Structures are given as structure tokens and as C-alpha cells.
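The values are calculated or read from the model by the stated rules, or taken from the named source; none is laboratory data. Source: prediction; values computed, not measured. We place every Cβ from the backbone using ideal geometry, glycine too, and count neighbours over all the protein chains shown.
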Amino acid sequence: MLSKIDSRKFNTLIEISTLINSNYADLVSLLTHILEAATALSQGEASSLLLVNQESRELYFVVTLGSKGQEVKKYTVKLGEGIAGWVAAHDKSIIVNDVGRDKRHLSAISESIGYPSETMIAVPMRIKDQCIGVIEILNKKDGRNFTQEDLEWLEILANQAALAIQNTRSFERAQGEIQLLHQELQKDKGYHTLIAKSPLILEKLEMIDRAAKTDSSVFILGESGVGKELFAEQIHLRSLRNKAPFVRVNCAALPEGILESELFGHVKGAFTSAVQDRQGRFMTADGGTIFLDEIGDLPLSLQSKLLRVIQEKTFEKVGSDVSVTVNVRILAATNKDIEALVERGEFRRDLYYRLNVLPLYIPPLRQRPEDIPVLADFFLQKYKAETKKQFIGFSNEAMEEMLSYSWPGNVRELENSIERACVIGKDGWIRKEDLFFNRKNFFPDHGEDGSRNLKNAVNVFKVHYIQKVLEENNWNQTETAKALDIQRTYLSRLIKELSIKEK
Ligand SMILES: Nc1ncnc2c1ncn2[C@@H]1O[C@H](COP(=O)(O)OP(=O)(O)OP(=O)(O)O)[C@@H](O)[C@H]1O
Ligand SMILES: [Mg+2]
């Protein structure tokens, strides 16, 4: 075999080993590169690289070349089914020079992508003697047959690919653990990691850097879930006060009386339950920063007390006449229309001006689509580590949908969608359906005819649920009935009655 090594093949091998050893972070690009080399060396017209999902005993497509790749990616192949499935189940390489006549061939895939296969070569990829996936090359050019030599070369490249996958998996596992630990550490201190790529947000971060060096109040505005609290953290962390405490108070969470003593403290006996002196949050924040979240909900009586703290840096504990002086920087946030509150007299104008020395508006997620992929990857790494699944990324369809969706709940909604997709999704690509599962469809406000009756809602649920399971089983009714644990005849009756159709 060695005698047959020509310099082109040898160079390809060296190039790939170098890539693998260079800690190439993006697994899909690396596997694409290996598959391109394998296809060129064996002179195939098209090719695919599939990985095994050990849990569901299926193979899913990671890279496809030459055919309409995006179409193929939707498919999964059961272990043992089709030629790739056979290779994975038997952990053996094969050359099939008359695909049409081979009983193992699954014509459904090649027909639906309009790519008839004639000749084929398929080899397993292994990690520690376990088959983790398959590389298959289709149709040798000029109508020739694949040879034993092609097969041996493909096996060498499949080993390289397996190595790359193993490296990436251990690298990702380590990265995931580091990220988790990092988050744990930050969580201990109460801080989050702020992810940003859009010019809109990078510009805000620059503003924060400049604002951080002053002691002026910052008023953070923006819709719910845009990350106002994370920006408040950053202002503190980037300021000279960052060694001193950062104290958060949610002004909407407590009733007026309790909020007052929470903020300013009280002396023993100030009210019936005041059995001892209490230091308020302003005193805890002395030297540091206080973050008054949901400030739009601060009762008017406390608004005047706060105004005095800002103007004179002094206040009295509840039940005391002794003035206390503090050195605290004030950050405030709200998702309400604060100017409308001022107009209606619900928020003091003078306080508003005092707080609004440096206004910081955080734009909604739909106005900064560049942040969506980076945030999505960040949350995917986070929940992948927590759910211990092998996700490789978002399908193109899923990414397109994320980019075009309006995200009324902003980053919080994006994070929740990804967490849920990680819980319900299967190894491989995160699909659009996993992310947008049950949005309107599953729990509709109204039935299709606008009524709220239960039967209608249950039927809508049934349609979507059955459709999802059918899709997972490539619309095979026998398999779907098994998965749903119902009789096949009952399933076909439901399909008819509920007019369930392939989407
Ligand atoms: N840029 C970001 N990077 C990473 N995570 C983010 C980012 N922005 C927001 N998040 C996450 O989104 C969630 C919502 O953020 P946050 O609580 O700061 O929103 P908010 O603007 O204060 O919303 P609300 O007005 O409802 O209080 C949090 O879990 C936060 O960790
Ligand atoms: Mg908030």
C-alpha cells in the first residue's frame, strides 16, 4: 500500500494532520475540509459525513458535498438501514458498484434530493473501536468503479476525521466545564457574562467605559429582557468602585413600608416588627454602587427621600432623626415609559432629571441581529454542558428563523428557547422545531375557529404532536405508532380525521 502513495495524497494527509493539530475550533469546517479531500482523492461526485446518535440509534448528516446539501441534512438514517446504516451497524467498510441493485440502499433519500447514486464507497469512523459515524462517497467520475485502493485511502481519512471529532469533543467538554465553572464563580459574585457583537451594543459598551470613570447616575432604559441588569453590572465592574459592593434592589418586589427600611434601614422599635437595628442597602453599598431596578415602581414618598440622597448624600434610617452620610453611585433601570410616568405625575420630574444624567438606552434584540448568532452559541454551550448532549450547532433553517423572528421577549426569550431546545432536541443539529416548539402552535390562545373550547385545543395539540413524531420517524406510520404507543390503525384514523399532512 505504501508504495502506492503518490505525492498528492501524501500532501493531503500532511495538510489534514496539520489542521487537526492546530486546534481548529470549528468542527464542521474541519470535517468539511476532510470530506472535500476524500471526495477529490477518490474522484467521487458527491459525499456525506454522518455521525451516530448513540441514544436514538440513528445517523445524522453533518456535512454533505455535491448534492443539494441542505435537503439531505433534514434526514436521519436508522442504524442498520441503508448503506450508511449498514456500515455503522456492522462497523465494516464497503464498495458497492451497483447501488440500484443493492438491497441495503435507501432510495428515498437519493430520490428526494434528485441525486441518483450508482456507485458508492462507505467507511466507518471509529473512536476506541466504537463506530461513531460514516463517510460515504458517491458516483466515481466518468462512470468508473471505486477500487480497493480508494477504500484504503478513505479509511485513512476516516481515521483522521474520527481523531478530529475526538479532539473537538474533549476540547468542547473542557471548554464547557470551564464556562460552567466561570459562570458559577461569577454567579457567586452575582455577575453575568455579557456577550456582544453588534456595533449598536459595542458602542454602548464604549459609552459605559467612559461613563464608568465618573460618579454620575446612569439611567438604563430598554424593553424587558434586553440585558439592562447586565449593563448595570458592567458599569460597576468597569468603574473605580469595582472593589466595593454592587448592591441590587428591585423596587417593584417589595411593598412601600418594607422597601423603605430595606433601602434606608431602621432602628430598633421603629415599628412593631423592628426588634433590632437594621442597616439598609444604601449603607451596604457605601463606597460602591447601588442598582435601583424597576425604578418606575418606586412609590412617590420614597422618591422624595431618594432625591435627597442624590442631592445631599444623606438620609435617616426609619424611626431615627440622625442623618447618615453615604458615598454611593446610583444606577437605575426601568422597562416602563418613564417620561409618560412623569407626564402623569407618577414619577417626580426633578428625580427623573437627577437620575437621567447619563441615559443609556439598550436596543431590543430585533434591532441588533448580529448579536443573535453569538448569543445563541453562548447559550448553546451553556445548556449543552448542562444537558450533556452532543449538539454540533444550529441548522441553517433554525438560524434563519432566529434571525428573522422578532423576539418580543428579547435575550431572555432567546435564552429560554435555547434551553428548551437543548432539553427536547436530539444530538446533532438544533432544529427550528426544537427552538420554536409550541410557539402558538402547541398551546394556542384560541382554537382554529377562534373558540376557546377544550376539545378544540386538544385537537390542535394532537395535530402538532403527531406531526412532530411523524417527522422524527420520516413519516413512517408503523414506527410513529410505536413511538406514540398506539395501534397503527388508530394512528392512520387520527391522521385522516385530523387531516394531518406532511409539511
Ligand atoms: N448581552 C447578553 N449576554 C448574555 N446574556 C444576556 C445578555 N443580555 C441579556 N442576557 C440574559 O438575558 C436575561 C435577561 O437579562 P436582564 O435580566 O438583564 O434583562 P432586563 O433588561 O433587566 O429585563 P427586565 O426589564 O425584564 O428586568 C438574563 O438571563 C441575562 O443573563
Ligand atoms: Mg431587569
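Yes or no: T64 at pLDDT 85 or above and either touching a Cys at 6+ places or on another chain (Cβ under 9 Å) or crowded, with 16+ Cβ neighbours inside 10 Å (or both)?
yes
When you look at I220, is it modelled with pLDDT of 90 or more and within 16 Å of ligand 2 (Cβ to nearest atom), yes or no?
Against the criterion (modelled with pLDDT of 90 or more and within 16 Å of ligand 2 (Cβ to nearest atom)), I220 qualifies.
Quick check on this structure: which one of G85, G69 is at pLDDT 90 or above and either assigned by TED's automatic domain parsing to the domain that holds A161 or closer than 20 Å to S395 by Cβ (or both)?
G85
Against the definition (more than 28 Å from A212 (Cβ to Cβ), β-branched (V, I, T) and assigned to a helix (DSSP H, G or I)), how does I372 come out, yes or no? If you could, list the steps in order and put the result at the bottom.
Details: more than 28 Å from A212 (Cβ to Cβ): no; β-branched (V, I, T): yes; assigned to a helix (DSSP H, G or I): yes.
So I372 fails the test.
Filter the helices (runs of 4 or more DSSP H) completely within segment 377-440 down to those with at least 1 residues that are without any contact (Cβ under 8 Å) to a residue 24 or more places away in the chain and either in the same structural domain as E58 (by TED's automatic domain parsing) or small (G, A, S) (or both).
Helices (runs of 4 or more DSSP H) meeting the threshold: 396-404, 410-424.
Answer yes or no: is there a residue in segment 235-245 that is within 13 Å of P359 (Cα to Cα) and either in a loop (DSSP other than H, G, I, E, B) or out of contact with any helix residue (DSSP H, G or I) (no Cβ under 7 Å at 6 or more places or on another chain) (or both).
Within segment 235-245 (the criterion being within 13 Å of P359 (Cα to Cα) and either in a loop (DSSP other than H, G, I, E, B) or out of contact with any helix residue (DSSP H, G or I) (no Cβ under 7 Å at 6 or more places or on another chain) (or both)), the answer is no, since none of the residues qualifies.
Inside segment 82-92, can you point out the residues that are crowded, with 20+ Cβ neighbours inside 10 Å and part of a loop (DSSP other than H, G, I, E, B)?
none
Hand me the list of strands (runs of 3 or more DSSP E) wholly inside segment 281-337 holding 1 or more residues that are surrounded by fewer than 20 Cβ atoms within 10 Å (Cβ to Cβ).
Fully inside segment 281-337 and qualifying: 314-316, 323-325.
Cβ contacts < 7 Å: first residue over 9 Å from F246 (Cα atoms), restricted to segment 285-298; second residue among the β-branched types (V, I, T) and within 16 Å of ligand 1 (Cβ to nearest atom), any location; separation 6+ or different chain. Result?
Going by the 7 Å Cβ cut-off, the qualifying pairs are L292/V249; D293/V249; E294/T334; I295/T334; G296/T334; G296/I338.
Pairs needed: first member in segment 240-255, within 22 Å of S224 (Cβ to Cβ) and aliphatic (A, V, I, L, M); second member anywhere, in a loop (DSSP other than H, G, I, E, B) and within 11 Å of ligand 2 (Cβ to nearest atom); C-beta distance under 7 Å; at least 6 residues apart or different chains.
If the second residue must be in a loop (DSSP other than H, G, I, E, B) and within 11 Å of ligand 2 (Cβ to nearest atom), the pairs left are A252/E294.
Could you check segment 466-501 and list, in sequence order, the residues that are basic (K, R) and in contact with a helix residue (DSSP H, G or I) (Cβ under 8 Å, 6 or more places away or on another chain)? So that I can check it myself, show each step before the final result.
Initially, segment 466-501 is screened for residues basic (K, R), giving 468, 482, 488, 493, 496, 501.
Hits for segment 466-501 are K468, R488.
Report, by residue number, each residue of segment 338-365 that is in a strand (DSSP E or B), buried (at least 16 other Cβ atoms within 10 Å of the Cβ) and either more than 16 Å from ligand 2 (Cβ to nearest atom) or without any contact (Cβ under 8 Å) to a residue 24 or more places away in the chain (or both).
Within segment 338-365, just L358 meets the criteria.
Within the group L292, L331, L365, L375, which residue is within 16 Å of ligand 1 (Cβ to nearest atom), in contact with an Asp or Glu (Cβ under 7 Å, 6 or more places away or on another chain) and modelled with pLDDT of 95 or more?
L365
State all residues of segment 223-234 that are near ligand 2 (Cβ under 10 Å from one of its atoms), part of a loop (DSSP other than H, G, I, E, B) and on the phi < 0 side of the Ramachandran plot; if no residue qualifies, say none.
Residues satisfying the conditions are S224, V226.
With the checklist (1) free of Cβ contacts under 8 Å to residues at least 24 places away in the same chain; (2) more than 16 Å from ligand 1 (Cβ to nearest atom) in hand, flag the one item Q175 doesn't pass.
(1)
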